[in-house]
Every structure is written in structure tokens, then in C-alpha cells.
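I have placed the structure first, in the form of C-alpha cells, so that the comments after it can refer back to it.
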Amino acid sequence: MRMPRSGAREPAGFDAFVSYSHRPDQALAEALRRGLHQLARPWYRLRALRVFQDVASMSANPALWPAIEQALARSRHLVLLASPEAAASKWVRKEIEYWRADKPVDTLLLAVTRGDCFWDEEAGDFDWARSDAVPRALEGAFTHEPFVVDLRGLEGPEQLSLRDAGFAVAVAQLAARFRDVDVDTVFGEDRAQQRKRVRVIWATVVVLALLAVTASVAAVVANRNANTAEERLKDVSSRQLAAQALELKSGSMDTALLLAAQAWRTSPTPAARNGLLSVVQEAEQGLDWYPRLPTGVAAPFSLDTLALSHDGRWMFAARCPCGDLSAGSVAETREGRLFVWSTEHKERPARVLDPHDDTGYLETLLPGADGRFVLSLSGSGQIRLWDTRTRAIRDLAPAHESAWVTSVADGRYFAAVPEPGRIVFLDALTGRRTAEVRGDLLRVSGYALRGQVLAGTDARGRLVMWDVRTGRAVGAGPSLGAGPSLGAGPSLGAGPEEIPAVAVSGDGRRLAVVVGADRARAVVLDARDASVVATVRPKGGGALAQVALRPDGEEVALVDEQGRLTTTAVPGGAGHLGLRVALAAGAEVIRLVYSPSGRLLSVTTSDGSDQGTLKYVVASSDGTARAVLRTRWGQFAAGEKVILGWRDNRVEVGDLTTGLPLRVEPNAVSAVVPSPDSRLVAIAEFDRVRLWDLTDTAKPPIDLPGVPESVHGLAFTGDGARLVGVGATGRAVVWDVGRALRHHLRAELPIDPNRMTAYDVSGDGRNVVTVTLADGVQVRDLTTGRVRRTVRVPFVTRQPYGVTVSADGGHALLRGADGDGESTALIRMSDGRRLRDLPGSVGFSGDGTRVISLVARPDGTRTATAYDTARAAGPARSAFAVRGFSHGDTVSFTLDRTGERLAVTDAVGRTVVHEVDTGRRVMLCEKQMGPSAGGSRGIAFAPRGTTVAVSSQDAATRLLAPGDDGGCRVLATVPGSGHTVLFSPDGSLLFTEGDMRLRDARTLEVVGEPLFDDASPLTADVFFSGTGQLMKVSYDGTLRGLELRPAELTRRACALAGRDLTREEWTRFGVLGAYRAGCGTGG
């Protein structure tokens, strides 16, 4: 055995051993160790305290438990990071058992990271039924309630840093226990050590500077001038790029996003931040992504035909001959290409399938169920099957002007009529031909019967039901004559007779067809076997123009050539209704449609012109008129509250509850598409796309951002969550419908309008705290709506009307009224304990570590009393008279971030600032203008320094600072008052509610557009979250939030653009330096 060398030192001990569950809490444990090392560290030492954490402190050691045991033996305190995972950990249990056996229990400290920890006073132990974060190894360990630090909700590098107030307080609480001092002493020592470090650093710098100045003064001056010139050049370039971004956002949003991001990277000027916030804020009001074209595809060209796969995973578009290109261009001769995008891989450019011929543009695209195969019909009548996986392209037959295609069973099968009298059925998943038959298909809206059956005629002119899987005729109905045809559809023979109308019930069970040479009757057929269910005739006996089946197939509607409308029950039943629709000279009935419920009928008449086209909506039961529109195409929408109609230059909506038409008169409509649930309609015009909520037509349509020069095609995904547009310059764009409608909505607060509810949103915007008499105090997750915990506060019998939660979430102020009047209670959120009742106006410091009570005396004087929040049950930290006011009420007051200074304004506009610890007045501003807001919102301290912003009644905000002899200086006056003035947590931005604007706090330049546009509801509260987001609570209980951090805005700009600036754009827009992919997408 090797003996230790003489004089070898024993390993040094640890101030604390951190016991935790590795999987959820390793990052927090490492951050806690770093914080204890750094807080109050003397400048000449490596760390303030020595803390053992196994991952950081233990080298590779095969004897794991002996090494841990040795570390426990050398530690003075055990810090348990309590969580449900730690409670279940066998290693944590062994460490606790060792500690209880060999160490005093009062050296074991608890810090809860997740879960709950409750103490049962009667049992003298933890409440094990509710304490899922505490290991059972601690059962009976404590005789009184132990010291607990609350670390819940702290995560991410920004919160797990001493720069975060909540984390810093938690670290200080532990450090104070290790040193046997109070928390203020720890923070005081930390500030003292920081000052010492600064003095040492400056002393070193001065010495080095003096030694170097004689040798390098000329070089320093030259280098400084060069650096200054370079910085000025970057500033100028940054401002130019930002200005170009603002100019381009209306027509080329992706380029605007990239220029705004590059402006901030070039130099973080106020103009760059303005451009970045303005462009990203507008883009995020609906823009999802820009599908990209592959490198080398000749552009510009226009995309027109658009289709989406049934599962929403694939987008398909084809070129449009819109006449926007010069003759003979590369794109002009390549109209038959198919562009395919994957919605699951947004970073990938389009896959282009090129037939390398000139068969004409693709006017119809039918994707199969999984998007692999696409059936197309070109303008010349060419039918093609495209395999998007292998790029194989197959022609089904030579082009024919009468060719026609359709799909059934949600894209599971295709059916094609390549020429009159011939039908081809295909499997849309394999691309294989399942059958080919002689016959035709009826081209009718709602053609699919029972999912996999199509209505048509056989070679003998009989009505049949074709099974698309086998090509077999499921059943044969009556003969339709020697040679009938369907309008302009495929010829069924040589005779002159026609079938003027066909209809299918909504459930696909029945089919109605007008038959006979005199068109005097209609037959209703069973889709299973084409057997006749009923034969119906119009009331009055005229020739029929159109037929319709109620969605359930139990009623048929007929309209004759004179405009007389009849409805009849099926089967059998006498005709009733007998309404006559007015027909102008030369007009005819061209459409007859039931509403989805069957309660309404839409009758469209036309004389061939737009002005001569009318759409009547009547009740199917009694013929009561509901609306009249001048549109050919239409659809019932919004639960049949409205009918939507459109034509080339107008979109018209008829209100079916009042009968009043509502019109939108756009410049020129290029596309109109209702959402799958008919609650929304998207309207493409020359230079914009608008989204209209048809459930509330009083609200104007929403303009969607990022619209290309013009949009020719629109389509909703099957779930209605996305809207896709294609158009000029070969551009495609995808919008997030929910985001467009929400207007930055983050959550809806759980506020019951039927009972008094006080609420406050947590500083991070993740939770809402509500107070009601019935439920007490509840903390609810705003993302999931789940109640995270309920704090029972038995003493709250008063009517609650206000609650304010401290920044760290550890305490709350409850304001309420009872028989004794109004008062404010300070409670501890961990257990609901009331620490103190506070009179007068009450508020927390910015970091929540202090609370102050401001009381107006009968003689007009005011007294301020300050408490350390965590020890508010004890004596006050300080109490002093607020001097400088002779009369009038206090209007606004606030503490600075750490609670070291108090600012107060009165009704006539005086502002006074006191040091809280000493009560010394450090600033007095004589009358300016009376504040415009009460409480703590009308006045704010800048996070750094002594600057105070005061919102005034003259619609201005003044920035004040201490002046000579205790007076004050007005640093600046900016427009924008209102009830709230705020500084961002980092002090870089100033928010004024009057104009809903942000400004650079240093230059006072405007940053971004007015926030939270007019579509969002009235404001109840505005605040900055701890991460720097601006949050708005509205009176309708909605919470909205705007991201303001430049790094995050830059990331979002890149994500929304989906690409990088090209080398050509880099040169054209004058970006400084060599080309580089700033977004990392490689262009």
C-alpha cells in the first residue's frame, strides 16, 4: 500500500453540497453553483463560496458512492433541489439519509424547483398528501417549518443568471444562510466587492495606460479615427438598409425582412431597430412562410392554378398565361411545368416537373390523397398523370377539347373523360389504371355518390352508377332518350334532346335528374342501384329549368322556365311553396341550390351579363325572401347567417338575418375562396389579399401581409389553418389564418364576468393570478389553461378588486373591501400566509424584493413606509415623510427596480424622489403638468440611473433627472401620454400609451409602428415581461404580446423570409463587406 507523502494537504471543504435529480435540474444546479461562486466574491478570490456539484466537482471515479460520501462529509450544508423527480431518486434518498445520520438537520436547506411543498403545522411535518416535491427520506426530520427557497419557473439562460432578480434573490437567500447573515448584508457585500473590483481594475488600467501612452499615443489616435470612421460608415449603411426595408415591405416582404435583419447586424442603430420591429411586426400578422423556387428557374412568370393535397402536406401550382411577359421569353414557352412544395420541409425549394413540350398551361390540378400523383388537365384538353416522386409524366390520351377530370373519395381515385364516350378510372395512390369503360360522366356539383360511385350514362344512354374501383355499373336507371347530352358536356348520342339539370343530395344517397323531351318532370334515383325513388312534377306544369335536392335527400326543389318554384317531399308528397321568381326579359334560371341545413334555397337567374345576374335567397318552407345579390357564384356561409357571392369585380355578402346586403368594392377581384367551414373568405385583388370573418361582417376585412405584386390563385388547407396564394413573378406565399385573426393574441384570461374577479399576469407572461371569493387565489398556466396551484387565503372575506404579484411570483398584494373599508394584504404565495395589512397606496419594487405603503395624512402630508418583502411581517425597513408637497392628493408613485428610490407625483404636477433607506430627498420638480395616470403606471424609473419618466395631462411625457441643490432637470419632452409610461427591462426602450409608441430611450427616436392596431380591444393594462416582451391586457380578457428583442426579431425575420439575401441583392442594396449568408440558409 502506498503511504501518503509527508506534508500532503487535506482536500479543502465545501460550503454546500447540492443534491438534485440530474434529468430535469442539471442546468439549474450548475447555474446555482455559478451564482454562489460569483455573488459577493472578493476581487482577489476565485469564488465566494465552494459548492460541490457532482458533474462539475467530481472527476471520473469508479467508486461513485464513496466519492459522494466523502464530499458530503466535507460539506457544511446540504442544498436539496426538491422536485417530483428528486423525490423519486434513490441517490437523493441516500444523500439525505447520510446527512440526517451525521449532520445537524438545520444545515439542510430546501429549494423547490417544481412540484409542491406544503407544511402541516398540526402534524409538525410536511403535508405528504400534497407535497410531491419532498422526498420521504425527510419524514420527521424537522420539528418546525424549514427554510424553503422557491426556484419554480426559473429556466433558460436569461432567468438562470444573477441578472435576473428572482434568481439573484434565491442565491442571496442561500448564501446568507451559509454565512449566517441576512440577505441585505449579502447584497451589500456584493456591491462593495464590485466597487473594489472596479477600483482595482481601473488602477491597473491607469498604470498600464501611463506606461503605454508615450509609446503609442499616435497609433491610438490614428486607430481611433479609423474606428470612428468605420463605425460612422456602418451607421449610415444600417440606416439606409432599414429605410429600404420599410419601402419594400408592401411589395416584397421577404426581401424587406432580410434587409431589416441585415441593417441590425451592420450596426444596432435606432433606425435599424425601427425597421426590424416594423417589418417583423407586420409580417407576423399572418405571414407563415415563402415557398422558394429552385436556383436557376427563369423568372418572372405568373402562377395561377393552385391545389393542395388532402392531407395538407403538399402544394401544387402551375403557370398562368397572364400576358405579363414579353413574347419569346424563356418562361413564355414553358407553360406546362408543375411546381411542387412540401409544407413539412419549408426550407426546401420547389420540385419542378417539366414535360419539355408545349401542350399549354395546366388549368386543373387534382392531387391524390397522399400527394404523390397529380392528375392535370391543360387548356388544350391534354390529360396527364404526374408522379412527383419519380418525376415520371404520362399522357392518358391525345388532347381533346371535351376532356374532363375529377377525383373522388378524398383523392383516393381519379376519373377522366379523355374523349366523348370513354371513361378512365385510376388509383390515385398507385397511379395504376383500375378500369376503362364506354360511357360518360354527369358533370354536376356534388358528383360523388356514396364515396366511391360516380353518376353517368352507359353506351345505351341509360343512367348508371359507376364504381370507380372496378369500372362496373352498380345499377342502371331509366333511359334518358335516344341521344341526350348534358349541356356542354360529352355527347351521349346523335339526338337533339338535352338533360338540363342534375342534382345530388348532400349525403350522396340520392340523385335527381330532369328528364323527358318536354322537361316536365324530374326523377329521384337511389344511388345504390339507380332505381327510381320518386317522379315529381312542378306546380303549374311548366318545363323545368333546374332541380335541387335537400342535403338529406328527403325533399326536392324544382324551378320552371317561368321562374315558378316548387318543393316536394321525397318519396311522394304534393308540391307546395308556389313562389315565383321574377325573370327579366331574356333571363333564365341557371342555378338552384339548398343551404346545408335545407332551410334556405338560392335561385340564380341571368340574362348573360353581369348586371343581369341575380341571386335570390328564400326560405324553403314558405318562400320568404331573405336576400337578393347581383352575383353568379355564391355560397352559404357562417352557419347560414350570410350568403357570399362574387364575380369579376365585386364580392357581395347578403345578411340572411336582416336581409340587408353588405358590399365590398375592391379594385379587381382575381380570386375568391371561402374557408372549409365557410366562416371566412379570402379575397385576392390587384395588390392585396384580405381575410374577412363572415361571422362578424361589421368588422372590416383584414389585410394580409407579404402579398406579391398580384395574386391569381388562393386555396385554404383542408383544416382551414393555412391560406396559400400564388401569383406574379412566380411567387407563392402561405399565411397562418389563426395568427392573422388573433392580432398577437397570447391567451384569454380566465375571467368570469358574472362574479368579481381580480387578476394580474405574471412578469414572464406565462401565468395569470386570479382572486375570487369562491376560489381564493389561483395561479393558472396561460398556455394550457391548467390551474397550477391554488393558494387558500382564509382571511380574504372581503370583496377582491385588485391583485399585484411581485416580479418573482413569491408574493402578492390583495386589495379588497369589507365592512371596515378598503385595505391591502401582503401574502406569501407559497402558503397563502398573510404577512401584513398595508394602508394607503401600496406597490412592489421592480424586482419584488421591497414593498412600500404611501399614506396621506389629514394635514396633507404623506408618510412612506418600506418593508423587505420576504420579512414584511417584521419591522419596517424605513419610514419617512415625503417632503415637497403642501397640498393635493398623490396621483402616481413608483419604486425603482431594487426599491432604493421612491418617486411620487401630486395632482398639480410636482414630482419628488426620495432615497428609501435614508428618507433623504434627492430631487424635487416644481409644477409641470398634472400626471395623466394614477397608481404606478403614470411614472417610471429608468432601469439604470436616476432618470424618471412622468406621463402628463398635456399629452406629453417628460424625462426628469436630479438637478443642482436638490432640484430637477427636464431632459426631454416627448409626445405621447395616456395612462401608462414604461421603460423596457434593459432600459433601451420607452413606451407611452397615449400614442402606443416605442422610442429609443437614448435618442427618443420612434421605433416601430403604433403597437396593437385598432382591431385589438381597448387596453386595460400594458407591461413589459421579464424577458422584454410588451404585453397588453384588454378589457375583453385577452392577453397580447409583442416580441421586442432584436436578436429574436432577427431570427424571426430569417424564419419568415425562408432564405438569405442573394449575391445580386447584396450588391444591389449596397450591403457593406463581402457577401455572407446572414440567416444561415445558404441563399
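The values are calculated or read from the model by the stated rules, or taken from the named source; none is laboratory data. The shown structure was predicted, so the numbers you read here are calculated from the model rather than taken from an experiment. Cβ atoms come from the backbone with ideal geometry, glycine included; neighbour counts cover every protein chain shown.
Some notes on this structure:
- Residue selected from segment 677-710 under the condition more than 28 Å from SER597 (Cβ to Cβ) and among the small types (Gly, Ala, Ser), by the criterion nearest to the chain's Cα centre (by Cα): GLY706
- Odd one out for ASP370, checked against (1) within 18 Å of VAL468 (Cβ to Cβ); (2) at pLDDT below 85; (3) of a type in the set (Asp, Glu): (2)
- Restricting segment 235-260 to residues that are in contact with a Ser or Thr (Cβ under 7 Å, 6 or more places away or on another chain) and aliphatic (A, V, I, L, M), the residue that is surrounded by the most Cβ atoms within 10 Å (Cβ to Cβ): LEU241
- Qualifying residue in segment 89-110 (condition: modelled with pLDDT under 90, loosely packed, with under 15 Cβ neighbours inside 10 Å and closer than 21 Å to ARG23 by Cβ): yes
- Screening VAL950, VAL922 for residues that are in a strand (DSSP E or B), hydrophobic (A, V, I, L, M, F, W, C) and at pLDDT 90 or above leaves exactly one candidate, VAL922.
- ALA1001 at pLDDT 90 or above and out of contact with any Asp or Glu (no Cβ under 6 Å at 6 or more places or on another chain): no
- Filtering GLY487, GLY483, GLY575 for residues that are farther than 30 Å from ARG460 by Cβ and either at pLDDT 85 or above or surrounded by fewer than 23 Cβ atoms within 10 Å (Cβ to Cβ) (or both) leaves a single hit, GLY575.
- Within segment 1031-1059, being under 28 Å from GLY251 (Cα atoms) and assigned to a strand (DSSP E or B) holds for ARG1040, GLY1041, LEU1042.
- Every test in (1) surrounded by fewer than 19 Cβ atoms within 10 Å (Cβ to Cβ); (2) within 50 Å of the chain's Cα centre (by Cα) is passed by ARG537 save one, and that test is (2).
- Among the residues making up segment 1022-1062, those that are modelled with pLDDT of 85 or more and of a type in the set (S, T, N, Q) are THR1050, THR1062.
- With respect to the stated conditions, GLN281 is in contact with a Gly (Cβ under 8 Å, 6 or more places away or on another chain), in a helix (DSSP H, G or I), among the polar types (S, T, N, Q) and at pLDDT below 90.
- Only a single criterion out of (1) buried (at least 19 other Cβ atoms within 10 Å of the Cβ); (2) closer than 30 Å to HIS310 by Cα; (3) modelled with pLDDT under 75 is not satisfied by ILE499, namely (2).
- Some residue of segment 928-940 being under 30 Å from LEU276 (Cα atoms) and either part of a strand (DSSP E or B) or at pLDDT 90 or above (or both): yes
- For segment 24-45, residues that are charged (D, E, K, R) and at pLDDT below 85 total 2.
- Taking the criterion of being surrounded by fewer than 18 Cβ atoms within 10 Å (Cβ to Cβ) and touching a Ser or Thr at 6+ places or on another chain (Cβ under 7 Å), the only residue of segment 119-143 that qualifies is GLY124.
- Among (1) out of contact with any Ser or Thr (no Cβ under 8 Å at 6 or more places or on another chain); (2) surrounded by 22 or more Cβ atoms within 10 Å (Cβ to Cβ); (3) within 22 Å of TRP466 (Cα to Cα) - the single one GLU436 does not satisfy: (2)
- Taking segment 898-916 as the range and being at pLDDT below 90 and under 26 Å from VAL183 (Cβ atoms) as the test, no residue passes.
- Scanning segment 72-86 for residues that are closer than 21 Å to TRP128 by Cα and either surrounded by 21 or more Cβ atoms within 10 Å (Cβ to Cβ) or in contact with a Cys (Cβ under 9 Å, 6 or more places away or on another chain) (or both) turns up VAL79, LEU80, LEU81, ALA82, SER83, ALA86.
- Number of positions in segment 656-689 that are at pLDDT below 80 and in a strand (DSSP E or B): 4
- Tally of residues being out of contact with any Phe, Trp or Tyr (no Cβ under 8 Å at 6 or more places or on another chain) and touching a residue at least 24 places away in the same chain (Cβ under 8 Å) across segment 355-380: 11
- Screening the candidates ARG114, ARG50, ARG74 for the property of being within 43 Å of the chain's Cα centre (by Cα), charged (D, E, K, R) and assigned by TED's automatic domain parsing to the domain that holds ASP164 yields one hit, ARG114.
- Single residue of ALA350, ALA392, ALA416, ALA428 found to be under 14 Å from HIS310 (Cα atoms) and small (Gly, Ala, Ser): ALA428
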